[in-house]
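The values are calculated or read from the model by the stated rules, or taken from the named source; none is laboratory data. A quick note: this is a predicted structure, and the numbers were derived from the prediction, not measured. Cβ sites come from the backbone with ideal geometry, for glycine too, and all protein chains shown count toward neighbours. What goes into the accessible areas is simple: the full protein's heavy atoms, side chains included, and nothing from ligands, DNA or RNA. Shrake-Rupley method; radii C 1.70, N 1.55, O 1.52, S 1.80 Å.
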Amino acid sequence: MDNAKKILLVDDSEVHLVIAENILKEKFNVITAKSGKEALTLLSKGLVPQVILLDILMPEMDGWETYNKIKGISLLRSVPIAFLTSLDGVREKLYASRIGAADLITKPYEPVDLLTRIDKILETQTE
């Protein structure tokens, strides 16, 4: 598991963190953060994950703002960020696509769908 790819999972909901972490931990090294601010702190300390999964609706700093701050860090600019959110409107999907998000995965999701979509993101990175 030491050479497993790292995923940073950011969600203010403990329930959603546990659900996603349990799905992902079989295959990935999962690091969790309960806010955009906490994620940025981990990243500023040198964490460079292969994928970041980011909730949109969070207090203090929402996912959009967190995304922009992460993309502003040159070392992390190429790290794919996918939104993992209960928002499933066309507006959110179009905006996520426009800003360059790797994906927008809607909660609730099927475990196999989540893993497949992350694999697809990782494949795109190695091409």
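Worth pointing out:
- Accessible area per residue, Å², the chain with all protein chains present, probe 1.4 Å: 55 Å²
- Our coupling estimate for region 51-62, obtained by passing each phi through the Karplus curve with A = 6.51, B = -1.76, C = 1.60 and θ = phi - 60°, is 8, 10, 10, 10, 6, 8, 8, 9, x, 6, 10, 6 Hz, Gly and Pro reported as x.
- Once the C-beta distance of ILE99 and LYS25 is scaled by a Förster radius of 41 Å, the resulting FRET efficiency is 0.90 to the nearest 0.05.
- From helices alone, the chain scores -13000 deg cm²/dmol at 222 nm; the rule is -39500 (n - 2.57) for each run of n ≥ 4 DSSP H residues, then divide by the residue total.
- Separation of alpha-carbon centers, region 84-107 and region 28-71, rounded to whole Å: 16 Å
- The value given for region 73-116 is a Kirkwood hydrodynamic radius of 11.4 Å, derived from the mean inverse Cα-Cα separation.
- The tail of the calculated P(r) for region 7-79, taken as Cα-Cα distances beyond 16 Å, holds 42 percent of the pairs.
- Unit charges on C-beta of K, R, D, E only; dipole of the chain, Debye: 420 debye
- Rough spin-label spacing in nm, given labels placed 7 Å along Cα→Cβ, for GLU65 and ALA4: 3.3 nm
- Sites GLU14 and ILE73, calculated FRET efficiency, Cβ-Cβ separation with R0 22 Å, nearest 0.05: 0.25
- Charge dipole of region 1-73 about the Cα centre (unit charges at C-beta), most positive-ward option of MET61, LEU8, SER35: LEU8
- Accessible-area composition of region 82-127, carbon plus sulfur, in percent [1.4 Å probe]: 51 percent
- Cα pair distances exceeding 17 angstrom across the chain, given as percent: 53 percent
- Counted residue by residue at 0.36 nm each, then reduced by the alpha carbon distance between them, the extension gain from GLU110 to GLU38 reaches 23.2 nm.
- For region 21-64, the set of GluC sites (Glu not before Pro) satisfying both a DSSP loop assignment and a count of at most 15 other C-beta atoms within 10 Å is given as GLU26, GLU60.
- Low-density loop positions, trypsin sites (Lys or Arg not before Pro), region 42-121 - DSSP coil, at most 13 other Cβ in 10 Å: LYS45, ARG77
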